[in-house]
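The values are calculated or read from the model by the stated rules, or taken from the named source; none is laboratory data. Please read all numbers here as calculations on a predicted model, not as lab measurements. Here the Cβ positions follow ideal geometry from the backbone for every residue, glycine too, while neighbour counts run over all protein chains shown. Remember, those area values only see protein heavy atoms, side chains included, never the ligands or the DNA or RNA. Shrake-Rupley method; radii C 1.70, N 1.55, O 1.52, S 1.80 Å.
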Amino acid sequence: MRKTIIAGNWKMHKTVAEARELAQGLVNGVKAELGSAALPDIVLCPTFVCLPEVLTTVKGSSLAVGAQNMDYRDSGAFTGEIAPGMLTSIGVSHVIIGHSERRQYFGETNESVNAKTRAALKHGLIPIVCVGETLAEREENRTDDVIKQQIKAGLAEISVEDAAKLVIAYEPVWAIGTGKNCEVNEANRVCKMIRATINEIYGQAGGTVADGIPVLYGGSVKPSTIDEQMEQSDIDGALVGGAALKVEEFLPIIKGGAKRHQLSASRA
Ligand code: PEP
């Protein structure tokens, strides 16, 4: 059975006080509305400065906390960077790697994504590795090639045992923050293709390691889209930006994830 994961990427939003309020609202909301129901993995990814406050706020709940980025090195003269060991030292469990905004505005490449993914795994962080095509690449019918390349380069020199710990997020760049969703059947097809690519890399074309790797969809996920997305065979959760910033929008998305989680648990 694959995990269902609902992750919120808060990007460069929220002061520490606002982050505390949002995290508290989600803790309360999950408790009140989902009670003792089996929950998907819920991961909040605030800015670096808000991590300690959000960690304190979610303590004792089932919510986890992730960073939005990190450096791949352990320490050194790298002004402005944060090392993986610094994240684990405060209790961060997940890290988003290679978000398209990092690739687009901060020069991240498949190679830096690979270095960061390996570093995260070495430090026991769960990497949420983002892949996705631009609109131009989709219009040129290059979606699958681009994503296969991102996956192959991003996972280079990662052992099969470590690959089993990964989470992948398929985020078509043109759907992020635009209000446009990738049509569900197409999103499901790409998530399936990602899984097949990973199995191929490990010489398991018929499928094994990637059958256990959660592949999330991200790109303008909203309360009104989540149910249909969570009904797909190969979409194991969501990475959510804008709609993760308000309790009243993120809570219904968590509930959509909970439905999928409970359904897969009952089938396992
Ligand atoms: C994201 O930031 O990963 C994202 C998918 O954003 P949005 O949900 O706002 O499109």
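A compact table of results
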read-out	value
Given 31/180; 31/59; 59/246; 11/246, the pairs whose alpha carbons are separated by over 25 Å	31/180
Segment residue 185-residue 93, extension gain: residue separation times 0.36 nm, minus the distance between their alpha carbons	30.0 nm
The chain: mean projected area of Cα convex hull, nm²	13.4
Inter-probe distance in nm under a simple model that places probes 7 Å from Cα toward Cβ, at residue 81 and residue 165	2.0
Positive-end extreme of charge dipole, the range 81-166 - chosen from 83, 134, 154 (charges on Cβ)	83
Farthest positive-ward along the range 5-267 dipole, Cα basis, beta-carbon charges - from 218, 56, 198	56
Candidate residues 159, 62: accessible-area rank, largest first, probe 1.4 Å	62, 159
Segment residue 49-residue 3, extension gain: residue separation times 0.36 nm, minus the distance between their alpha carbons	13.7 nm
Residue-normalised accessible area of the range 5-267, expressed per residue, 1.4 Å probe, Å²	43
Probe 1.4 Å, all protein chains present, accessible-area order of 227, 234, largest first	227, 234
From phi via Karplus (6.51, -1.76, 1.60), per-residue ³J(HN,Hα) for the range 198-206 in Hz, x at Gly/Pro	5, 4, 4, 3, 8, x, 10, 3, x
Helical mean residue ellipticity (222 nm; -39500 (n - 2.57) per DSSP H run of 4+; nearest 500) of the chain	-13500 deg cm²/dmol
Per-pair calculated FRET efficiency, R0 = 30 Å: residue 204 and residue 111 via Cβ, rounded to 0.05	0.75
Amide H partners (placed H, <5 Å) of residue 67, local residues excluded	94, 95, 96
The range 136-171: GluC sites (Glu not before Pro) in DSSP loop, at most 10 other beta carbons within 10 Å	157
Accessible area of residue 261 in the full protein assembly, 1.4 Å probe (Å², nearest 10)	30
